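The values are calculated or read from the model by the stated rules, or taken from the named source; none is laboratory data. Here the structure is a predicted model, which means the values were calculated and not measured. All Cβ positions, glycine included, derive from the backbone under ideal geometry; neighbour counts span all protein chains shown. Each accessible area value is taken on the protein alone, full model and side chains, heavy atoms only, with ligands, DNA and RNA left out. Shrake-Rupley method; radii C 1.70, N 1.55, O 1.52, S 1.80 Å.
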Amino acid sequence: MALCFIGPKEPWPNGAGFSRVSTALSESSSIHSDAPCLLTRDFPGAGLRPMPCSVLEPQGHREEATAEESQSLLQVVDAPSSPQASSEGLYFCDGLRKVDYVLVFHPRRHGSLRCTGTASVSQDQLSIVSNGNFPPPSGSSGAAAGRGAGLRREEAASVGEVFMELGMARGTEPMEAADHEMHLIRQEFEASLLEAGLEVERDGETKTHGPSFTRIHAPWPVLCREAEFLKIKVPTKQSYELKEESGFGSSMSSVWRKLNQPFEPKVPHQDHGSTKFLSHCFSRDKLHMYNITSKDTFFDNATRGRIVYEILRRTVCVRTCQTVGISTLIAKGVYDAAFPLHDGDFKVTGPLEERTDRQVLFEEWAKYSAFYKYQPIDLVRKYFGEKIGLYFAWLGVYTQLLIPASIVGIIVFGYGVATVDTNIPSLEMCDERLNFTMCPLCDGACDYWHLSTACGTARASHLFDNPATVFFAIFMSLWAVLFLEQWKRRQISLSFSWDLTGIEEDEEHPRPKYETILLEKRQRKRQQKKKKKKKKNEPEKQEDGTVTGKDRWRQKLLSAMAAGVPTVAEKLTWKDRLPGYFMNISSILFMFGLTFSAVFGVIVYRITISALMAMSPDPETKSNVRVTVTATAVIINLVVILILDEIYGAVALWLTELEIPKTETNFEERLILKAFLLKFMNAYAPIFYVAFFKGRFAGRPGSYVYVFNDYRMEECAPGGCLIELCIQLSIIMLGKQLIQNNIFEIGIPKLKKLIHALKEKETTQKEKDEERPPKQWNLDYALAPFEGLTPEYMEMIIQFGFVSLFVASFPLAPLFALLNNVIEIRLDARKFVTELRRPVTARAKDIGIWYNILSGMGKLSVIINAFVISFTSDFVPRLVYQYMYSQTGTMHGFIDHTLSFFNVSNFKPGTAPHSSDQGDITVCRYKDYREPPWSSDAYQFSKQYWSVLSARLAFVILFQNLVMFLSLMVAWVIPDVPKTIVEQLKREKKLLVDLFLQEEKEKFQLIQSLFVKPNSQSPTAGQAFPVLGKYSTLPSGPTAGDGGGPRARCRAASFSQFSDKMSSLPRKENANSKHTAV
């Protein structure tokens, strides 16, 4: 590792200061560096004037770096714009080196930053030790103070410290304490980046307002080193021809490609044809295997940004603030943001052939006019990374499979429309001649009414509650299984084409909050240990004050044993997280109670409004009671759901923070589970109530169940609760999609952009005149930060629940979901391309925990649809009547069969109608299976009730087992891995083995040629050949002389292990020796 010593400042000719830097090498380094580094600094307000142009870069990465260049004179300077870089804004001031990453900070801010557990930082001195061990603060000991005050350069180099003397500039105001502290932290952090091999360019001017930018470039040696460390797969020169179909399959494939031609996006360099290049993890020892045409373009911008982020993520900043990684520094306020740059503007200005990836994505993917085209998934993955690419691929598969589901749903709905005029139960309800006089809907104020007045409700109910609904429910349950199986196949195909097969999960760094709490725990333990050691280390003394030999021996033994015990890595245990777990459980239970309270509040609203409207003297108001109450209650439910959704999202984030997850993956998984649980209950609680609870506990005439002793529990409509469930589901689903898409995803971002534009207009005219054209880092900083894919997945998962869970009550749900997703894909694409900062590419082999949630919802949908058909609809009662009680085997008389009798004289006092327009009524009807009043068991459940109940339960069991069996059959028939992928994986593995064997053979022959002189026929007396043992796996090479001598053997490692000269060693006679002296 390179250790840099900055000596005393000496004057430049222009009056500024420079530092003389000496470097020393240390082998005990925690940060890898390829060569001595050149440390440069830009000190705002520290006595250094801006100079024309320079870049902070490590000395070791220069082409002509020598040992004599380890001492250099440095300038800390500004980075003005150059004509070459101004056109793009993607390069350093020299116009040659790409800006791979940008760090943003405000040089002057108010407030204070305090780093827990760190030593106090001197205002004029920053001491850095390369291997992470720092001297104690200046006030701790005289030696430390002397070390920081007056070490000679040679001593400093031998110790391995870096001293930066920070003097205040003349005529400038001193920094505030917090600003100065942040300034020192940034200096140390960027010094560590330089030691890691990165090149840094900074805004050297001292700004009083606005952000300052630190631009980072990764040179070729750093890219190679990190690519090998991260095991990034890159294409090799070796390629092979993909196997093409023949015969009828080939002709069908060509016809399908021609039909799909209008729907394919126009993406250049995406047609790979029938040739595929082998991919292998990058290795610096195998550069000759890769097709490196240009070092600047071999790693694309997304990969370069990921490599730099990995360095930023693990860079240590210990002396000034005990933190690791850029995320912690952003959390502490040292930096405001850190992000890779977009590839220029998204608007196409030049020729179409010169479009950047961002412009191609905008034209062919993010525009609403491209709604009919396939997504350029490969380009999305290349630009945004595998994790975002998998999300859009999953969304595309889901949207495509909604097409057959929508078609079947339309057919089922059309069947209901076609048969509504021939449906016998609906005709009987609408027949006024049957004259079914129904019991009052409320106590006192409501009159008796005729069933024929509910004719419209009965006809509408048949549109969704017909025999085809059962078929559709079975179909959608199988569709959910088919969707998951299709996605697994698509996911594996993408993993193969994106070279994700066999990758290992990246090691994650702990989150900033976890590190902070762990640091506090360590400090508490240290303080406790110090107190205990003071007591234990005091040996027992005799009365005269002397220490006994036994106690002295025991003390030495305990000290030696303690020194030999390895230290255990500190981590947070369940005891540390116990308060967070307790808070999580109590808060989630409280949120469940809040959701149920909201549902109950809407129930009370429906009951009270129904009673008030029934008392109205206006006959028109009375006739529209049910429609008005249902519509207004559903709208209230929708508003409550949208409000609670936002609250539950914030609460889930807060509760997850209380659990103190160690890594970002753990944090994300726990956040997803909490948010899904809360939002699932919030979205589906009103629907569950209508489907399974409404009307079940209302009672019967003469024995109703009351709320608050005054209001009767509401009952289902005469046509059944299924039509109300359909209304509830459709309004919540459509309203949630429209409002969330139009307001939350379109309106709010545009409002934020408008506010930002208004703030920008408030700058003075002088500042506008001094402004240069905005660079790409300025434009990207104005965009919204990327905050993860959880909201996007959550929206689609909730929609999947609407489509699958209660689809038996609303066959048109897949159609509305399809229309929404067509817009959603382009909306999300436009947001990622134009409104969000470019996210760091993240590798991912699958969609993670979301697949498990989808699988669980698919299984739950089978059970829920079985109960909806069995208990909410009238499908089972119709079958029971037709095959058990009908005299003619038809549905004639079904309505009369489902209505029970009630003697009006059995009304409780005050509950009978006060006045009636129906004349003298002695018996009224109500929907239930109960004994008539003239029976010995009056008003008890009849035999028909128990027959229907047993049939319903039998249907649930039959439906569930049938669908589960068919689902298993579908999953078994469809293989997870396509056959073509299996064959290509085997072929690639064989080709890679052949490639490496050929390489080893060539390497062996090259090494063997070093031992054989071209003009000699046999080895000299003093020269020895290495012996090829019988355990060698290398192919035999040419032998010297007539072939009778022993064959040379060498390990197939790196060629750099062998020298041009051989040492004269005696040859071993054992031809089977495993080791050879070279």
In region 221-243, residues that are of a type in the set (D, E, K, R) and in a helix (DSSP H, G or I) total 3
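Test Ser935 against the stated conditions and say whether it is out of contact with any strand residue (DSSP E or B) (no Cβ under 6 Å at 6 or more places or on another chain), surrounded by 12 or more Cβ atoms within 10 Å (Cβ to Cβ), at pLDDT below 85 and not in a helix (DSSP H, G or I).
Considered against the rule, which asks whether it is out of contact with any strand residue (DSSP E or B) (no Cβ under 6 Å at 6 or more places or on another chain), surrounded by 12 or more Cβ atoms within 10 Å (Cβ to Cβ), at pLDDT below 85 and not in a helix (DSSP H, G or I), Ser935 comes out as no.
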When you look at Asp920, is it within 28 Å of Pro811 (Cβ to Cβ) and modelled with pLDDT under 90, yes or no?
no
Positions within region 352-381 being assigned to a helix (DSSP H, G or I) and under 29 Å from Pro211 (Cβ atoms), in sequence order:
Asp357, Arg358, Gln359, Leu361, Phe362, Ala366
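What do you reckon, is Leu958 touching a residue at least 24 places away in the same chain (Cβ under 8 Å), open to solvent by 40 Å² or more (accessible area, probe 1.4 Å) and touching a helix residue (DSSP H, G or I) at 6+ places or on another chain (Cβ under 9 Å)?
So Leu958 fails the test.
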Tell me whether region 378-385 contains one or more residues that are within 30 Å of Pro265 (Cβ to Cβ), acidic (Asp, Glu) and buried (at least 22 other Cβ atoms within 10 Å of the Cβ).
no
Working only within region 870-879, note down all residues that are open to solvent by 10 Å² or more (accessible area, probe 1.4 Å) and closer than 13 Å to Gln944 by Cα.
Arg878, Leu879
Filter region 319-339 for residues that are open to solvent by 10 Å² or more (accessible area, probe 1.4 Å) and in a loop (DSSP other than H, G, I, E, B); which is modelled with the lowest pLDDT?
Gln322
Quick one: would you say Val963 is open to solvent by 50 Å² or more (accessible area, probe 1.4 Å) and among the β-branched types (Val, Ile, Thr)?
no
Check region 766-777 and report whether any residue there is under 21 Å from Asn682 (Cα atoms), modelled with pLDDT of 75 or more and within 32 Å of the chain's Cα centre (by Cα).
no
In region 393-449, the residues that are within 28 Å of Ser804 (Cβ to Cβ), open to solvent by 10 Å² or more (accessible area, probe 1.4 Å), of a type in the set (Phe, Trp, Tyr) and out of contact with any Pro (no Cβ under 6 Å at 6 or more places or on another chain)
Tyr415
Across (1) surrounded by 21 or more Cβ atoms within 10 Å (Cβ to Cβ); (2) among the polar types (S, T, N, Q); (3) under 26 Å from the mean Cα position of the chain (by Cα), Gln740 clears everything bar (1)
Does Lys295 qualify as being at negative phi, in contact with a strand residue (DSSP E or B) (Cβ under 9 Å, 6 or more places away or on another chain) and open to solvent by 30 Å² or more (accessible area, probe 1.4 Å)?
no
Restricted to region 968-1007 and to residues being out of contact with any Leu (no Cβ under 6 Å at 6 or more places or on another chain) and among the aromatic types (Phe, Trp, Tyr), the residue surrounded by the most Cβ atoms within 10 Å (Cβ to Cβ) is Phe996
Evaluate region 783-795: report whether one residue or more is on the phi < 0 side of the Ramachandran plot, of a type in the set (Gly, Ala, Ser) and in contact (Cβ under 8 Å) with a residue 12 or more places away in the chain.
yes
Just one of (1) touching a residue at least 60 places away in the same chain (Cβ under 8 Å); (2) open to solvent by less than 30 Å² (accessible area, probe 1.4 Å) trips up Ser886, so point out which.
(1)
Near pairs, Cβ below 6 angstrom, 6+ apart or cross-chain, from region 311-323 (over 15 Å from Gly197 (Cβ atoms) and charged (D, E, K, R)) to any residue that is open to solvent by less than 10 Å² (accessible area, probe 1.4 Å) and not in a loop (DSSP other than H, G, I, E, B):
Arg319/Glu188
Show the residue pairs meeting these rules: Cβ distance below 8 Å; 6+ apart or different chains; first residue within region 975-987 and over 16 Å from Trp487 (Cα atoms); second residue surrounded by 14 or more Cβ atoms within 10 Å (Cβ to Cβ) and not hydrophobic (A, V, I, L, M, F, W, C).
Gln984/Lys276; Leu985/Thr501; Arg987/Tyr240
May I ask you to verify whether Thr349 is without any contact (Cβ under 8 Å) to a residue 12 or more places away in the chain and not in a helix (DSSP H, G or I)?
yes
Looking only at region 293-318, how many residues end up being modelled with pLDDT of 90 or more and among the hydroxyl-bearing types (Ser, Thr, Tyr)?
2
